[in-house]
Number of protein chains: 2
Amino acid sequence: MINVAILGYGVVGSGVAEVLDKNSERIARNAGREIILKRILDVRDFPGSPYESLFIKDFDLIANDPEIQVVVETIGGTDVAFEFTSRCLEAGKSVVTSNKELVAARGHELLRLAGLKGVNYLFEASVGGGIPIIRPVAQCMAANKINEIYGIINGTTNYILTEMGTKGAEFSAALSDAQKKGYAEADPATDIKGLDACRKLCILSSLAFGRHIYPEQVPTEGIENVTADDMRFAASLGCKIKLLGRVRDVGGKAAAYVAPHLVGKDNLLANVDGVMNGIVVRGNAVGDVMFYGAGAGKMPTASAVAADVVDAVKHIHLRKLLSWEEGGEDAATDPSLLESSWYIRTDVTGEKATREFGEVIFADWADGGQTAFKTAVMNEKKVRELIGRGVPALSLFRVLGDY
Amino acid sequence: MINVAILGYGVVGSGVAEVLDKNSERIARNAGREIILKRILDVRDFPGSPYESLFIKDFDLIANDPEIQVVVETIGGTDVAFEFTSRCLEAGKSVVTSNKELVAARGHELLRLAGLKGVNYLFEASVGGGIPIIRPVAQCMAANKINEIYGIINGTTNYILTEMGTKGAEFSAALSDAQKKGYAEADPATDIKGLDACRKLCILSSLAFGRHIYPEQVPTEGIENVTADDMRFAASLGCKIKLLGRVRDVGGKAAAYVAPHLVGKDNLLANVDGVMNGIVVRGNAVGDVMFYGAGAGKMPTASAVAADVVDAVKHIHLRKLLSWEEGGEDAATDPSLLESSWYIRTDVTGEKATREFGEVIFADWADGGQTAFKTAVMNEKKVRELIGRGVPALSLFRVLGDY
């Protein structure tokens, strides 16, 4: 029997309580012992909740309770969450979280502290919601050198882009629709500007490359500038537009960025639609492996947190080797040097485009005065140089593919 | 530092030696210590091999060597492999394998023995080659009740079906082509009759449902009866034909079978082509999760074995909770009771088919004298009863989908 506490009874936190209850039999079998939810910390009251008797407002009752050995942090943010997580680890408790913002900002510090205390800091749910991705990358692919990871890691933007692609909607209309359906927040900036994807990519990059990669090291572009015209031009080129997080190994350093991409319809990621997530990991021995599923949502995310609780319980006296070294300027390198084909939408003539870019592949959907095309393979500096010669880009996106 | 031995220097065994060498840095970092390949057991000689000095022919030199703590079994089959695996576990060594035949036939016995001795028996590579699937199901989805697993788990048959679908080839021609390319064995029976898929499905079923499911409990149909006509009819119904292993929870028992299915083109599995594998796991909290990658091949499989070696090294004094209870008649239930829509190719008229089956969806590709259609949802007994009323089925496959 082991006692667990939950910090923060929001969407994910309440889901964790529910999963621990609903699947208690399978959980106990997998953990090798019964898991008891002893305390829930929240500033709010929840009268009538099935867990009413467990709620407390004083964190010390958890921090100082030696019976509580595993703590679930589902507060979010980096302030209180960091303080409480540190104090739990200091007190010799393992901590499990879905808080991508905290892991991306201070994961290395917290992992180091967990290591010093011989406990675990686990965050499977921080990337891809319920999709197993952290553990497969860290463990199943432990014998591979990872050369590249790319994927659709934000469900909100993927829903919006899917709506734009299938219904011809403009960005603002698709965003309103997503907000109405609860797929986008009232303040959608974190999602649509790519920041959420950036944080998840930082976690994946740190894990795969062994050093902390910080959000500031990852150039991030959101989807606000993708238009319905771009969707139609892309379709005529046999592509969808997807917001990808991508990191590549360049001489042992991580070249990471978040940006919209054209993805060919025969690529597996092209069928990752709506709120779903799909992540491709390229290992030097295994080749490409893809993980697909619901990247967010209360129960998927909660089940991933609960699985980490099981793992923390199983490893209560053993440190999981899930960690990375400290970051620094030399851990990352400039992703603009990565080469690819590019998609350009412009209002100059095809002749002018061909004059500057040489042989290109034109989209054949037509719209008054606009033209769009795919370039040869080149890096960002080169494509911007050619654009500067009088082919102004109304949109400029990379094309995912061979490079 | 930890010493490892490899039993059987065939395709996978030699790949494991190569991966341990090539990715030694990442492996040592992940394992927390250096891994030394000390012995390789094989009846053959390998003069000029980089590991020439490691080869031995006497198994006792491994069994009786206390320095060797982890053994890789890549012999295959169930005779010698079972004997050597048992003896290694008895001697307190962890064993890692890609041998799906042995795990499917005697996994429970070997897991129990490992448990008694406080060591580990790991087999990530036995299903899906290099795709992480065993550990994600066992660990990441530890907080989910698993309701269903289905997937393309044999690369050889998937290659053949893909060739038939894209080139209009008949089965025998596509098989020859696969043999020429090295994707099918000279004796292809194990693959094309579905036996390899059956073994893998047994392992997934045992893991997900907690009791050993034996190959004899899994009705298995191969792809020999799939024709080029079926492919064309299926395409006109918006489907591809894929060999699936599938298991569903029916009242706590496993209803498992292997058979060709029609898969709608908007299903993710429809884009799993060639030698690739794709496996969908449906959890009660997470929903559908898919795993995709190279399901076979020397280096992908070897990298999964090597990752298990890393895990065995990390858990040298801790038992992984990867196991299942013994099987029995009451562990499985009859999959013919599962309901689905069915695809039928017949040589009677559409009118006759409609008379017996009621409203159906006809394929619109035409071929002299044949017709094909999709039925309403029903179980196998019912569909066979209707067929018996004078609508003889030249082909009868389930349609994957809502049920």
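The values are calculated or read from the model by the stated rules, or taken from the named source; none is laboratory data. Please read these numbers as outputs of a predicted model, since none were measured by experiment. Positions of Cβ are backbone-derived with ideal geometry, glycine not excepted, and every protein chain shown enters the neighbour counts. These accessible areas exclude ligands, DNA and RNA; they are computed on the full protein's heavy atoms, side chains included. Shrake-Rupley method; radii C 1.70, N 1.55, O 1.52, S 1.80 Å.
A few remarks follow.
To keep it simple, each residue is scored yes or no on (1) among the hydroxyl-bearing types (S, T, Y); (2) open to solvent by 20 Å² or more (accessible area, probe 1.4 Å); (3) under 26 Å from A:I203 (Cβ atoms).
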residue: A:I2; (1), (2), (3): no, no, no
residue: A:I6; (1), (2), (3): no, no, yes
residue: A:E18; (1), (2), (3): no, yes, yes
residue: A:D21; (1), (2), (3): no, yes, no
residue: A:R39; (1), (2), (3): no, yes, no
residue: A:G48; (1), (2), (3): no, yes, no
residue: A:V95; (1), (2), (3): no, no, yes
residue: A:K100; (1), (2), (3): no, yes, yes
residue: A:V103; (1), (2), (3): no, no, yes
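- Out of B:L102, B:L89, one residue alone is assigned to a helix (DSSP H, G or I), more than 14 Å from chain A (Cβ to nearest Cβ), at pLDDT 95 or above and farther than 26 Å from B:P260 by Cα. It is B:L89.
- Taken together, the residues in segment B:106-149 that are surrounded by 24 or more Cβ atoms within 10 Å (Cβ to Cβ), out of contact with any strand residue (DSSP E or B) (no Cβ under 6 Å at 6 or more places or on another chain) and more than 9 Å from every other protein chain (Cβ to nearest Cβ) amount to 4.
- Looking across segment B:307-316, just one residue is facing another protein chain (nearest Cβ under 8 Å) and open to solvent by 10 Å² or more (accessible area, probe 1.4 Å), and that is B:K314.
- Screening segment B:150-199 for helices (runs of 4 or more DSSP H) wholly inside it with 1 or more residues that are in contact with a Phe, Trp or Tyr (Cβ under 7 Å, 6 or more places away or on another chain) returns the ranges B:155-167, B:171-180.
- Hey, B:L61 outside any loop (DSSP other than H, G, I, E, B) and either within 14 Å of chain A (Cβ to nearest Cβ) or of a type in the set (S, T, Y) (or both) or not: no
- Residue that is crowded, with 18+ Cβ neighbours inside 10 Å, more than 12 Å from chain A (Cβ to nearest Cβ), of a type outside the set (F, W, Y) and under 13 Å from B:L161 (Cα atoms), where the choices are B:V258, B:V263: B:V263
- Test result for B:R33, touching a residue at least 24 places away in the same chain (Cβ under 8 Å), under 27 Å from B:L318 (Cβ atoms) and crowded, with 18+ Cβ neighbours inside 10 Å: no
- Residues that are away from chain A (no Cβ under 12 Å), surrounded by 23 or more Cβ atoms within 10 Å (Cβ to Cβ), among the acidic types (D, E) and over 18 Å from the mean Cα position of the chain (by Cα) are absent from segment B:222-229 altogether.
- Per the conditions (1) over 17 Å from A:Y150 (Cα atoms); (2) of a type outside the set (V, I, T); (3) in contact with a strand residue (DSSP E or B) (Cβ under 7 Å, 6 or more places away or on another chain), the sole criterion not satisfied by A:A254 is (1).
- For B:L113, the conditions (1) more than 20 Å from the chain's Cα centre (by Cα); (2) outside any loop (DSSP other than H, G, I, E, B); (3) at pLDDT below 95 all hold with the exception of (3).
- The residues on offer are B:Y183, B:Y159, and the sole one that is among the aromatic types (F, W, Y), within 14 Å of B:G278 (Cα to Cα) and more than 14 Å from chain A (Cβ to nearest Cβ) is B:Y159.
- Within segment A:218-240, residues that are in a helix (DSSP H, G or I) have Cβ atoms under 8 Å from residues that are open to solvent by 60 Å² or more (accessible area, probe 1.4 Å) in these pairs: A:A228/A:E170; A:R232/A:W365; A:F233/A:W365; A:A235/A:W365; A:S236/A:D364; A:S236/A:W365, counting only partners at least 6 apart in sequence or on another chain.
Okay, residues lined up against (1) within 14 Å of chain B (Cβ to nearest Cβ); (2) under 15 Å from the mean Cα position of the chain (by Cα):
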| residue | (1), (2) |
| --- | --- |
| A:Q179 | no, no |
| A:I203 | no, yes |
| A:L207 | yes, yes |
| A:L243 | no, yes |
| A:M276 | yes, yes |
| A:R282 | yes, no |
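- For segment A:275-293, filtered to residues that are open to solvent by less than 20 Å² (accessible area, probe 1.4 Å) and small (G, A, S), the residue that is modelled with the highest pLDDT is A:G278.
- Residue within segment A:284-291 that is in contact with a Pro (Cβ under 8 Å, 6 or more places away or on another chain), within 14 Å of chain B (Cβ to nearest Cβ) and either assigned to a loop (DSSP other than H, G, I, E, B) or farther than 30 Å from B:G274 by Cβ (or both) present: yes
Residue-by-condition table, conditions (1) under 27 Å from the mean Cα position of the chain (by Cα); (2) within 12 Å of another protein chain (Cβ to nearest Cβ); (3) among the hydroxyl-bearing types (S, T, Y):
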position	(1), (2), (3)
B:L7	yes, no, no
B:G10	yes, no, no
B:G15	yes, yes, no
B:E25	no, yes, no
B:K38	no, no, no
B:L41	yes, no, no
B:S49	no, no, yes
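- Residue check, A:E325 among the charged types (D, E, K, R), in contact (Cβ under 8 Å) with a residue 60 or more places away in the chain and at the interface with chain B (Cβ under 10 Å from one of its Cβ atoms): yes
- Test: residue in segment A:197-206 that is of a type in the set (G, A, S), farther than 18 Å from A:M290 by Cα and modelled with pLDDT of 95 or more: yes
Let's see how each residue does on (1) open to solvent by less than 50 Å² (accessible area, probe 1.4 Å); (2) farther than 25 Å from B:A197 by Cα; (3) facing another protein chain (nearest Cβ under 10 Å); (4) in contact with a His (Cβ under 9 Å, 6 or more places away or on another chain):
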position: B:G297; (1), (2), (3), (4): yes, no, yes, no
position: B:P300; (1), (2), (3), (4): yes, no, yes, no
position: B:V305; (1), (2), (3), (4): yes, no, yes, no
position: B:K320; (1), (2), (3), (4): yes, yes, yes, no
position: B:A331; (1), (2), (3), (4): yes, no, no, yes
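- Scan of segment A:67-84 for residues that are under 19 Å from A:H317 (Cα atoms) and buried (at least 24 other Cβ atoms within 10 Å of the Cβ), ordered by number: A:V70, A:V71, A:V72
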